[in-house]
Protein chains: 2
Amino acid sequence: MNQNRVSVRHVDSVLAVEVKAGTGTTTQVLIGPEQGPNFAMRRFIMEPGGGMPMHTNTVEHEQYVLRGSARVQIGEEVHHVKEGDVVYIPAGVPHTYEADQGSEPFEFICVVPNGPDTIELVDC
Amino acid sequence: MNQNRVSVRHVDSVLAVEVKAGTGTTTQVLIGPEQGPNFAMRRFIMEPGGGMPMHTNTVEHEQYVLRGSARVQIGEEVHHVKEGDVVYIPAGVPHTYEADQGSEPFEFICVVPNGPDTIELVDC
């Protein structure tokens with residue numbers, strides 16, 4: 001796939017990969033750097049009770065919650081997010097996700113700039 | 001709002017602005033260049049039967065369909081898109097949107113790189 005190529009595909013047709021640092025968490029690269037020249041669009045799905053431990057990334061996150069709900073801590077701030085919430089996480093700020101218990105997974109779009117991203121877990 | 005500031009807010013709290021080149025179309029800047037250093041996240045809503053005429057942008061679009069359905073032409077390709085479809089429109093490629101008739105609006109997330117974007121309507 002190259003950067004001049006149009007594409008339309010359904011999210012459910014995209015390979016989901018387990019996020020090893022997380023619990024019950026998968027990610028899908030919906031539009032990756034081989035196609036989009038500047039940023040990548042991914043979807044994350046966290047099963048009820050799943051999530052990611054406190055960590056930092058070297059890149060910022062622009063997110064849109066599609067479904068479900070979760071406790072999200074970003075730096076010192078704790079938020080309870082749900083469908084339709086828009087979340088901005090600056091580069092380098094520690095953050096964690098804990099999907100709510102229940103029957104519905106927590107799903108969100110997460111856009112990051114292309115280029116190297118180092119993930120570091122944070123002791124807390 | 002600056003680039004080091006975390007934010008969480010619901011999409012429905014964000015000002016919607018009419019897109020003058022379109023019909024029955026509004027846009028909301030969910031995360032703009034004053035906050036995200038590299039790219040902007042917007043939501044578009046097109047009322048049933050609304051849309052945008054054939055045009056080009058100088059920047060690429062990475063899109064995720066949230067609700068509703070539409071006929072989308074990108075270059076020579078015609079697609080019928082619906083919830084969960086992921087759409088990549090390369091910079092400079094003419095495209096148009098026609099939201100389906102019915103009771104449900106066509107809603108999608110559209111991410112673009114920061115920087116100048118010139119929109120040009122295309123005769124067809």
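The numbers here are math on the coordinates, done by the rules we state, and not lab data. In this text the structure is predicted, and so the values were computed from the model without any measurement. Ideal geometry is used to build each Cβ from the backbone, glycine not excepted, and the neighbour counts take in all protein chains shown.
Quick look at the values:
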| item | result |
| --- | --- |
| Subset of segment B:62-91 [within 9 Å of chain A (Cβ to nearest Cβ) and on the phi > 0 side of the Ramachandran plot] | B:G75, B:G84 |
| Among residues of segment A:13-51, those that are touching a Gly at 6+ places or on another chain (Cβ under 8 Å) and either of a type in the set (A, V, I, L, M, F, W, C) or within 9 Å of another protein chain (Cβ to nearest Cβ) (or both), counted | 2 |
| Matching entry among A:G32, A:G36, A:G92, A:G49 (being buried (at least 21 other Cβ atoms within 10 Å of the Cβ) and small (G, A, S)) | A:G36 |
| Matching residues, segment A:74-91, being touching a strand residue (DSSP E or B) at 6+ places or on another chain (Cβ under 9 Å), more than 16 Å from B:D12 (Cβ to Cβ) and free of Cβ contacts under 8 Å to residues at least 24 places away in the same chain | A:I74, A:G75, A:E77, A:V78, A:H79, A:H80 |
